1. If you line up the long axis of helix 319-334 against the longest principal axis of the chain, both from Cα atoms, how many degrees apart are they, to the nearest 10?
2. Which of the peptides 1-10, 151-160 is most tightly packed, and how do the rest follow, judged by the mean count of other Cβ atoms within 10 Å per residue?
3. Could the peptides 270-276, 366-372 be put in order, highest first, of the mean number of other beta-carbon atoms found within 10 Å of their residues?
4. Could you work out how much longer the chain between Ala395 and Asp337 gets when fully extended? Use 0.36 nm per residue separation minus the Cα distance between them, nm to one decimal.
5. Compute the helix-to-body angle for 368-377: its Cα long axis versus the longest principal axis of the chain, expressed 0 to 90° and rounded to tens.
6. Determine which residues of the stretch 45-67 fall in the zone a paramagnetic label at Phe298 would reach in this model, i.e. backbone nitrogen under 17 Å from the point 7 Å along Cα→Cβ.
7. Quickly rank 454-461, 401-408, 355-362 as a protection proxy: mean count of other C-beta atoms within 10 Å, highest first.
8. Counting Lys +1, Arg +1, Asp -1, Glu -1, what net charge surrounds Phe298 among other residues with beta carbon under 13 Å of its beta carbon?
Amino acid sequence: MLSASLTLDPAFRVAPVGRRLFGSFVEHMGRCVYSGIYDPGHPAADGRGFRGDVLELVRELGVGVVRYPGGNFVSGYRWEDGVGPDRPTRLDLAWRQVEPNTFGLGEFMAWTRAAGVEPMLAVNLGTRGIQEACDLLEYANHPGGSYWSDLRVRHGDAEPYGIKLWCLGNEVDGPWQIGHKSAAEYGRLAAETAKAMRALDPDVELVLCGSSGAGMPTFGAWEATVLEAAYDAVDHISLHAYYEEQGDLASLLASPAAMDRFIADVVATADHVRAKLGRSKRITLSFDEWNVWNMSRFAGRTQAPFEHAPELIEDTYTLADAVAVGGYLITLLRNADRVAIACQAQLVNVIAPIRTDPGGPAWRQTIFHPFALTARHARGEVLRVEPTGPVLNTAAHGEVPALDAVATHDPETGAVSLFAVNRHLTEPLTLHADVRALGEIRRTGAQIIAGPDPHAVNDRANPDRVLPRPLEVPPPEDGRLTLTLPPVSWGVVTLARPRVLSMDTVAR
Ligand code: AHR
């Protein structure tokens, strides 16, 4: 039997757990918007066309922020088409779609309020530029008394939207991107767009486009160039990463280690630019697209006819994919001192935790569960746990620990949550946790995602085939907690402690 150990100590603080780490992404792509979140003819749709069953699942998922409207789509998008009474039908060149524009900014903002999530908007720096970005910001955030803000009021939204988070384009480094640019061209455009947007609204937080993947030939050099051009004008730099099982399950389960390395490389590059420019501000990371995506099965759309809401990259996820997703969430939490925002791509139907049938039911994919459990139980502050144990050798990512883990501690309630993954394909792993520093533990519990078939899926016929199950965790003995994680599993262990009273509470 494999065994590994770690230590839970509230003193090993990394950073507060921000709700923006549990972000998602809604792109005008495939059936994410149309027949996903928005389906006016559906029996569960409200008066605005929002599917109520999907909204309930989004709340259950625990999403904190949603990026919109793309993605590659935004690089050819005219935001004005999606506001007011006249909605022209356009051709979207990114995904070869017919876009009716019946869902646009006002609908998205109403949907975010219904879902209880923060909006994160991307501006088009592919086919458009500074002026259109400022017009959009004025429409969204200026209270009134100007052309664009008065137009918003006339369209029925008297109150400004107050959108804080703005992405300066999308994947501009990618040759596939409409309006693809060199790092020098993009860095300058982004810096000037940021300057103008800040002049209009000093409260915005701006995300500069980093690389669309760590495997891009320009990775590293791109970050250095665009950050040198725009360092003072932006707050965050983006990272995108998709992983898949290509006949090698061990490498998929090890892929969170590649995510860790990607984060470390971008942090190093950003801090190098900081030193070079002699600045004190640190740039934080917006990992605003991440997920499992079986990209090698996607033939692309360059030859496809233009269609409205085609079924695009509707990957059906396995139990092993859910374990990998649990692993990415562990990585993101561990790096919470530098990763300020993270968005799983996407929310509904398109490589998504939620699937819908047009006119029919909505269901939870396997990857829904680790996200929902992490969003629910990660509270307070992230704790380092320094696991030690056996190492696995993988083809794609070299040596990785069989056990990966991170914890959170809520100083308000005393609750501690330990998130852990066993990446071994066939062996259970016994985990020994030193919990002496936690003092009294009143209750232990655990939820685990595991099963005999790592390729089991949830689908329309069997939407609950893969579910988290309770795992018996005996109370700690002599400050040591012991539990066994099955092969290919991810879980959360919850430890209830007596409420910790702060001086503030005591004084009252
Ligand atoms: O999420 C799907 C696509 O992946 C997005 O449109 C793009 O930004 C990325 O390449």
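1. 90
2. Answer by packing, highest mean first, reads 1-10, 151-160.
3. Details: 270-276: 15.1, 366-372: 24.6.
So the peptides 270-276, 366-372, ranked by packing, come out 366-372, 270-276.
4. Details: separation 58, 0.36 × 58 = 20.88 nm, distance 3.00 nm.
The Ala395-Asp337 span can extend by a further 17.9 nm.
5. 70
6. Within reach of a label on Phe298, which here means backbone N under 17 Å from a point 7 Å along Cα→Cβ, the stretch 45-67 contributes 67.
7. Ranking the peptides 454-461, 401-408, 355-362 by packing returns 401-408, 355-362, 454-461.
8. Neighbour charge sum, excluding Phe298 itself: -2.
Just so you know, all these numbers are worked out from the coordinates, no wet-lab data involved. Since the model is a prediction, treat every value here as computed from it, not as a measurement. Cβ: placed from backbone, ideal geometry, glycine included. Neighbour counts: every protein chain shown.
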